[in-house]
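One structure is given here, and the rest of the page talks about it.
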Amino acid sequence: ELLMIGQCLRGLALLGRGKEAENTFARVAIMPLIRSKISMGRLDEGGSRGECAGLFSLLDDMACSIASTFGPVLELAEAIFDMSGATNNKDATNVPMEVDLVTAGVWIPIATALSADPAIKMAIFSPGIASILQANYTALDIFLSELASNLLKVVGPDLPTTNGHVQNDKAATNNALDVAFESLYFKPAVTAHTIQNAQERIYRHTMTAEFAKKWNLPIYYQLRFGECCTRLNKAMTRVQNEGWMADVFTGSDASADALRNTQGFELPLFMELYDILQGLWKPDVILRPLANRFLRGAMQLIGRTLTFVIDGLEGRIKFQECDQSSSPREPNAKMEGVTTNGNQHPPDTVTEYCWGERLEDVASVAWELTVLETCMTHDYRETIIAAIAPRDGESRVNFHSSESQLEELREVVSEFLVESTQDIAPMIQQSWNGIVVSILTVKCCAPLSSVKGVAATYRMTNRPPPSHASPFVGTILRPLKEFDNLFANRTPPQMGIAWKESIVGTVSTRYSVAVEELISTVQRTEVALKNRKARRTSAGGMSDGEKVKLQLYLDHKEFAKNVQDIGLNVESVEGVQKLASLTVEAESLYLRTRQNGKGPAH
């Protein structure tokens, strides 16, 4: 019977009536089988109405039924009419087959049946729910990409089949003559190259392009992107009302642990942002034809977040904090004018503030931006590549692309991500070298007002010479030390120690100016009180001016030690060197007090 079918197909092909053979096979053999299986009940099997939960199993059932029933015929037609393996010409694969039963006889009837019934067509292509549309698209995409390999099996003329497709003439007839000449009968030879050519013909057919147009993919993208925007906007609103530590993360506990322990995020808003970005490329979300839109959408979400950060830094967006009254109240009595237990409680006071003026907030956000920039160019890049251009060459999504095309796609993704994150680095620089340095400089310079009080401590007080540094010296760099300890592991690597050098340089310069002015004042006072000084010196004591200079010397030594404690070289700080030059004259006084047993011990 298989030989007779082959003779009929050859005859129709010679007469130029190959299309009639394809149409007859589709109408008589395939269409009845498909119609017996497709129904709304079968489509929704295993789920609720309209979920199309049975689509994947339905498609698999159709492919298996067609392969088991008509597989030998399909393999015979491929072996007879596929001429791509008979020549070394690279263009041979593009030559139309005279009779193509796989494409015109199987795929076209399936595509037609799925689109003919309005109810089935609506349920599959326009479900109105993003997750269902994605599942339907994925099921049909997998079905289409594996259709040729499911219908055809690799068999050779001298190899027995393992799927029952090759005709067993010995079982078909008891004719001894047929058995004797069985080895001379034509048997189809189907190779992996044959199956690949059949699959490529399916994708090249115009019906496949028309079938793909039935999907309303732009609407799907808008639904998914709208979900992401809603989630991010809700998080930003809560952060604006409750501060950066507001628990706005809505992902799973496992995702939260990974974002903290693997990526290094700490602020919930940035954890939420990155979880949203990763969600775009999950297997149950991404559709490869929309990869460019999803990539652009990810950049828009990042841009929205960066705008939120910049507006806060520059004061265009104010955060709020609530100062609750000290009087007790019921949990539900927080609104203005609410009375509980007969007592009128004052409303909570809501104050606005600019978080860009808060040191810890600015530093924390700068670190989150650093983590985000690193993740986008490394971890997120690999996430995207794994979704649209996996390095596994056998992956289904790589079917249409050569390895060189995939590598080019990976490079494009990398370049796009680097270009899209180029605005993050300047924001980190502005936050750290601008705002953090400025705030810490102001805090460290505040104790310098006590320098003037050194002279008053010893002027006409008859106090003994100093043996220790002034108390205020230890508080000068204390804000910097505390901040450095707090953010030791959260300082952007690109900052290095330059930011600390900038702070210490400014503070030490102002310190040296204050010391220089004080020494000048002391010297003028000493000239005015020269006679009194002479009498006090002749009595073996130390003048008030000398005590002040010794105190300044001790203060300088303590300050230099504090500079070293924060990891800086005092010789590289100009202000510290100037302090040393201003107080060097008091070194002899310091040595004298040590010899007399009255100086500080080291």
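The values are calculated or read from the model by the stated rules, or taken from the named source; none is laboratory data. Predicted, not measured: the structure shown is a model, and the values here were computed from it. Note that we place each Cβ from the backbone using ideal geometry, even for glycine, and neighbour counts take in every protein chain shown. The protein model used for the area step is the full one, side chains on, heavy atoms only, and it has no ligands, DNA or RNA in it. Shrake-Rupley method; radii C 1.70, N 1.55, O 1.52, S 1.80 Å.
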Backbone HN-Hα couplings from phi across region 231-241 [Karplus 6.51/-1.76/1.60, Hz, Gly and Pro as x]
5, 5, 5, 4, 5, 5, 4, 5, 5, 5, 8
Would you mind calculating the gained length between residue 446 and residue 588 on full extension (0.36 nm times residue separation, minus the Cα-Cα distance), in nm to one decimal?
48.1 nm
Cα-only Debye scattering, region 419-481: base-10 log of I(q)/I(0) at q = 0.26 Å⁻¹
-1.05
Grab the other residues whose beta carbon is less than 14 angstrom from that of residue 14, score K and R as +1, D and E as -1, and report the net.
+1
Residue-count net charge about residue 567 - beta-carbon cut-off 9 Å; Lys, Arg +1, Asp, Glu -1:
-1
Please compare each pair in 37/214; 481/578; 481/547; 481/549 to a cut-off of 24 Å on the Cα-Cα distance and tell me which ones are over it.
481/547; 481/549
Suppose accessible area is computed on protein heavy atoms with a 1.4 Å probe; arrange 39, 572 from highest to lowest.
572, 39
Using a Förster distance of 41 Å, the FRET efficiency for residue 467-residue 569 (Cβ separation, nearest 0.05)
0.90
Take region 182-237, drop everything but the C-alpha atoms, weight them equally and run the Debye formula without solvent; then report log10 I(q)/I(0) at 0.18, 0.27, 0.30 Å⁻¹ to two decimals.
-0.79, -1.00, -1.06
How far apart, in nm, are the 7 Å Cα→Cβ label points at residue 481 and residue 409?
5.8
Probe 1.4 Å - accessible area at residue 309, Å² to nearest ten:
0
When you count, for each residue, the other Cβ atoms within 10 Å and take the mean per peptide, how do 505-514, 277-286, 312-321 rank with the highest first?
505-514, 277-286, 312-321
Cβ-defined net charge surrounding residue 115, 14 Å radius [Lys, Arg +1; Asp, Glu -1]:
+2
Modelling each spin label as a point 7 Å along the Cα-to-Cβ direction, I'd like the residue 253/residue 33 distance in nm, to one decimal.
5.0
